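See below for the structure under consideration.
Values quoted throughout were computed directly from the atomic coordinates according to the rules given, and no laboratory measurement underlies them. Keep in mind the model is a prediction, meaning the values are calculated, not measured. Don't worry about glycine lacking a Cβ; one is built from the backbone with ideal geometry, like all the others, and counts go over all protein chains shown.
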Amino acid sequence: TAAMDWQDPFQLDSLLTEDEIAVAEAARDFCQTELYPKVLEGYRTEEFPRSIMKQMGEVGLLGTTVKSHGCPGMSSVAYGLVAREVERVDSGYRSAMSVQSSLVMHPIEQFGSQEQKDRFLPKLASGEMIGCFGLTEPNHGSDPGSMETVAKMHPTKKGVIVLNGAKNWITNSPIADLMVVWAKLDGKIRGFLVERSQVASGLATPAIKNKTALRASITGMIQMDDVEIPVENMFPEVTGLKGPFTCLNSARYGIAWGTMGALSESIKLAREYSLDRKQFKGQPLAKYQLIQKKLADALTDATYGQVAAIQVGRLKDAGNCPPELISMIKRQNCDRALAGARNLMEIFGGNAASDEYHIGRIAANLWVVQTYEGQSDIHALILGRAMTGVQAFA
Ligand code: TGC
Ligand code: FAD
């Protein structure tokens, strides 16, 4: 009989293409050799060096699904595998990568004019330019449709748009060269590309310091006080919430994969620790049934979660994926990864309080991941609406 490989019980490679396997291996190699050695310092100092994005660009980890401008043009599953490998190191590094790929490059590919694509995609793919995505505001998070940020045509300067408002909790904003900002023009939500180097005045992007999680990525505000941008920097056609939500479909999909990387790393660390650590007559913790149950629960969740993510990715690429499926896997995988990491943390006893054991950082990060891109309960309501036809948001 075949023996179970605890690192890949369902032999997931058999569900992947050769290219996808190669991408996952290359991403893992890069993440373990380049990112992993940096993570503790990044988490302690809350610094995200621009060079990380540059390195990601050099190895082709940015804009994995984008089909032009020298980008890999790969499957959603390949993108998910990259997210898994980056988040195996840290959710904050995956955040920086997903914002660049799913929330900046993807909308430019999907909604941008040819001129916008030509101008921005190559520099975003190489990591020379860093992007951010401004949807959430101080007063509107789960309900972005009520946003207060406004765009107006300049009363006297032809072809100039004026932006006023504030975005809050924006990954990458303090170091972003390009900001995708969603604002209401004549009452309708539109997307705007704000280039920092082209803005003369009124733009500030202060960092939010002393975070309790996701400290290895940089987060801030986008404050706009009569910020003037050329009308050519507006996405020409897309209007309404389907603009930002189309980007979120891609980012939420990546998160469903990323969390499985964080959970898999937690399992690996907890298994090793439970075999090494001895309590009661020199027996390893791994010998005790309650410890084994924690490991078994987490492994089952990580395995099921990845199979679901592969299937949803295939449906997505076939153009047959209602957004509710992405809500289902974003919610489930975030919830299970958070619960799993939190339970496995107990195996480390007091040592979990030392960041050198990593598990505390992973668990702290995962509650943010469960919150951004639609908090889990919001995704439950999205599913409930699809099941009953009745919306429960308001
Ligand atoms: P609702 O009536 O549901 O929809 C309004 C319009 O949008 C369309 N739509 C979608 N289109 C494409 N994909 C989707 N997933 C879509 N969901 C909705 C819908 O068809 C409709 O179009 P139309 O043409 O009929 O107008 O809108 P609502 O206001 O009732 O929405 C409520 C709710 C709760 C579903 C929604 O607002 C929501 O999902 N809230 C969560 C907010 C959120 O996810 N924010 C994320 C901010 S970005 C972020 O967190 C990045 S972190 C990145 C990182 O660091 O990794
Ligand atoms: P609220 O909307 O105030 O919700 C608070 C709680 O109430 C949640 O548990 C929610 O589920 C619940 N709730 C709200 N409404 C309902 C309801 N109708 N029924 C039941 N429960 C409800 N945003 C961006 O635009 N871009 C980014 O790059 C970005 N990066 C982020 C990075 C970090 C580190 C963090 C922490 C956040 C980031 N966000 C970003 C913002 C994130 O998307 C929001 O925090 C999230 O959408 C929740 O919004 P909120 O914080 O305003 O919570």
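With the alpha-carbon atoms as the only input, what is the per residue convex hull volume for the chain in Å³?
Enclosed volume per residue, from the Cα hull, is 149 Å³.
If you look at just the Cα atoms of region 264-387, how large are its Rg and its Dmax in Å?
17.0, 58
Hey, can you rank 124-130, 3-9, 143-149, 65-71 by average C-beta count inside 10 Å, highest first?
124-130, 65-71, 143-149, 3-9
With just the Cα atoms defining each centre, how far is region 18-58 from region 335-386? Give it in Å.
First find each Cα centre; the distance between them is then 21 Å.
For the chain, with the dipole built from +1 on Lys and Arg beta-carbon atoms and -1 on Asp and Glu ones, taken about the Cα centre, which of Met97, Pro230, Val66 lies farthest toward the positive end?
Met97
What 222 nm value per residue comes from the helices of the chain, counting each DSSP H run with n ≥ 4 as -39,500 (n - 2.57) and dividing by all residues, nearest 500 deg cm²/dmol?
-15500 deg cm²/dmol
If I build a Gaussian network model for the chain, linking alpha-carbon pairs within less than 10 angstrom, which residue out of Cys321, Cys247, Cys334 has the largest mean-square fluctuation?
The residue with the greatest mean-square fluctuation here is Cys321.
Under a Cβ-Cβ cut-off of 12 Å, what is the net charge of the residues other than Leu290 that fall near it, where Lys and Arg count +1 and Asp and Glu count -1?
Residues close to Leu290 contribute a combined charge of +1.
Which lysines, if any, have their Cα less than 16 Å from the Cα of Lys316, not counting same-chain residues under 8 positions apart?
Hits, sequence-local ones excluded: Lys67, Lys330.
When the convex hull of the Cα atoms of region 129-268 is projected onto a plane and the area is averaged over all directions, what value comes out in nm²?
9.5
Find out how many positive minus negative residues lie around Ala176, taking Lys and Arg as positive, Asp and Glu as negative, among other residues whose Cβ is under 13 Å from that of Ala176.
With Lys, Arg at +1 and Asp, Glu at -1, the neighbours total +1.
Going by C-beta contacts inside 10 Å, put Val312, Val150, Val86, Val39 in order with the fewest on the left.
Ranked by crowding around the Cβ, least crowded first: Val150, Val39, Val312, Val86.
If I stretch the segment between Leu383 and Lys152 completely, what's the gain in nm (0.36 nm per residue apart, minus their alpha carbon distance), one decimal?
The Leu383-Lys152 span can extend by a further 79.6 nm.
What angle, in degrees between 0 and 90 and rounded to the nearest 10, separates the Cα long axis of helix 359-371 from the longest principal axis of the Cα atoms of the chain?
The two axes meet at around 40 degrees.
Return a whole-number percent for the relative contact order of the chain, with Cα pairs under 8 Å and 6 or more residues apart as the contact set.
Normalised by residue count, the contact order of the chain is 17 percent.
Can you give the charge dipole size of region 43-182 about its Cα centre, rounded to the nearest 20 debye, using +1 on the beta carbon of Lys and Arg and -1 on the beta carbon of Asp and Glu?
Charge dipole of region 43-182: 300 debye, to the nearest 20.
When the chain is fully extended, how far beyond the present Cα-Cα distance does Glu346 get from Gln7, taking 0.36 nm per residue of separation?
120.0 nm
Which angle from 0 to 90°, rounded to the nearest 10, does the C-alpha axis of helix 114-126 make with the longest principal axis of the chain?
30
What area, in nm² and to one decimal, does the C-alpha convex hull of region 1-56 cast on average over all directions?
Computing the convex hull of the Cα atoms and averaging its projections yields 5.6 nm².
Hey, what angle do you get for helix 18-30 against the long axis of the chain, alpha-carbon based, 0 to 90 degrees rounded to 10?
Tilt of helix 18-30: around 90 degrees.
Once the principal axes of the Cα atoms of region 47-89 are found, what is the range along each, listed largest first in whole angstroms?
31, 23, 12
Check cross-link reach from Lys38 to the aspartates and glutamates: straight Cα distance under 18 Å, and skip same-chain residues fewer than eight apart.
Leaving aside aspartates and glutamates fewer than 8 places away in the same chain, those within reach of Lys38 are Asp29, Glu46, Glu47, Glu58, Glu85, Glu87, Asp90, Glu265, Asp355, Glu356.
Can you tally the lysine pairs in region 233-288 where the Cα-Cα distance is under 29 Å and the two residues are eight or more apart, or on different chains?
Lysine pairs, 8 or more places apart or on different chains, close enough: 4.
For the chain, what is the charge dipole size about the Cα centre, in debye to the nearest 20, if Lys and Arg each add +1 at the Cβ and Asp and Glu each add -1 at the Cβ?
It works out to roughly 740 debye.
What do you get for Rg/Rh of region 231-323 when both radii come from the Cα atoms and Rh is the Kirkwood radius?
The Rg/Rh ratio comes out at 1.27.
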